[in-house]
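Read the structure below first, then the notes.
The values are calculated or read from the model by the stated rules, or taken from the named source; none is laboratory data. This one's a predicted model, so the numbers in the text were calculated from it and none came from an experiment. Cβ placement follows ideal geometry from the backbone for every residue including glycine, while neighbour counts extend to all protein chains displayed.
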Amino acid sequence: MPRGSTKPNLRLRITAAAEKSVRGGHPWVFGNSVQEQNRPGEAGELAAIFDRNDKFLAIGLLDPESPIRVRILHAGKPTQIDATWFSKKFQESLEKRSFFDATTTGYRCINGENDGWPGLVLDRYADTYVLKLYTAAWLPRLDAILPLVPG
């Protein structure tokens, strides 16, 4: 449970087809795939997803108003999603672009789903960075993400 919170962690159980999709690396869980949810959630809240056997499957950001209900951040074994996790993920994304040299003045630093940041894109244009959010689920996480952006 998050520090200072009295709410239980948000837990979802999804359909067999959605389980297969998540196991296969799909970055989204659609609203019509959610079979059980232990309580209503808020945009940007971490949602733990469990399979039919109550085994941890994935964790992602909830967007209760979107047809894309959860954007998967991590699948497999449980992990802590915190500022350290975001920092490591950010560095991994930048390392994928290490082939650019000093003459490159514009490129995509984070390419959304392809880099494990579903619904978030970060572009660089010379000394200016442009963050594009495609879901309200990222808004509560900006305090952890914005300090990572150079400049």
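Overview of results
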read-out: Yes/no for Asp123 being touching a strand residue (DSSP E or B) at 6+ places or on another chain (Cβ under 7 Å) and assigned by TED's automatic domain parsing to the domain that holds Arg39; value: no
read-out: Single residue of the range 93-103 satisfying the filter (surrounded by 11 or more Cβ atoms within 10 Å (Cβ to Cβ) and more than 22 Å from Pro140 (Cβ to Cβ)) that is modelled with the lowest pLDDT; value: Phe100
read-out: Only listed residue being of a type in the set (Gly, Ala, Ser), in contact with a Ser or Thr (Cβ under 6 Å, 6 or more places away or on another chain) and over 22 Å from Pro8 (Cβ atoms), chosen from Gly76, Gly112, Gly119; value: Gly119
read-out: The lone exception for Phe86 - which of (1) farther than 18 Å from Val29 by Cα; (2) under 11 Å from the mean Cα position of the chain (by Cα); (3) without any contact (Cβ under 8 Å) to a residue 60 or more places away in the chain it fails; value: (3)
read-out: Within the range 1-64, strands (runs of 3 or more DSSP E) holding 2 or more residues that are small (Gly, Ala, Ser) and closer than 16 Å to Ala75 by Cβ; value: 46-50, 56-62
read-out: Of all residues in the range 45-83 being surrounded by 13 or more Cβ atoms within 10 Å (Cβ to Cβ) and among the basic types (Lys, Arg), the one that is farthest from the chain's Cα centre (by Cα); value: Arg69
read-out: Candidate set from the range 6-44 (those that are surrounded by 13 or more Cβ atoms within 10 Å (Cβ to Cβ) and over 19 Å from the mean Cα position of the chain (by Cα)); member that is modelled with the lowest pLDDT; value: Lys7
read-out: Filtered residue count, the range 45-54, keeping only those that are modelled with pLDDT of 95 or more and of a type outside the set (A, V, I, L, M); value: 2
read-out: Any hit, the range 104-113, residues being of a type in the set (Phe, Trp, Tyr) and out of contact with any Asp or Glu (no Cβ under 9 Å at 6 or more places or on another chain); value: no
read-out: Unique residue being within 25 Å of Ser21 (Cβ to Cβ) and without any contact (Cβ under 8 Å) to a residue 24 or more places away in the chain when the list is Leu133, Leu146, Leu73; value: Leu133
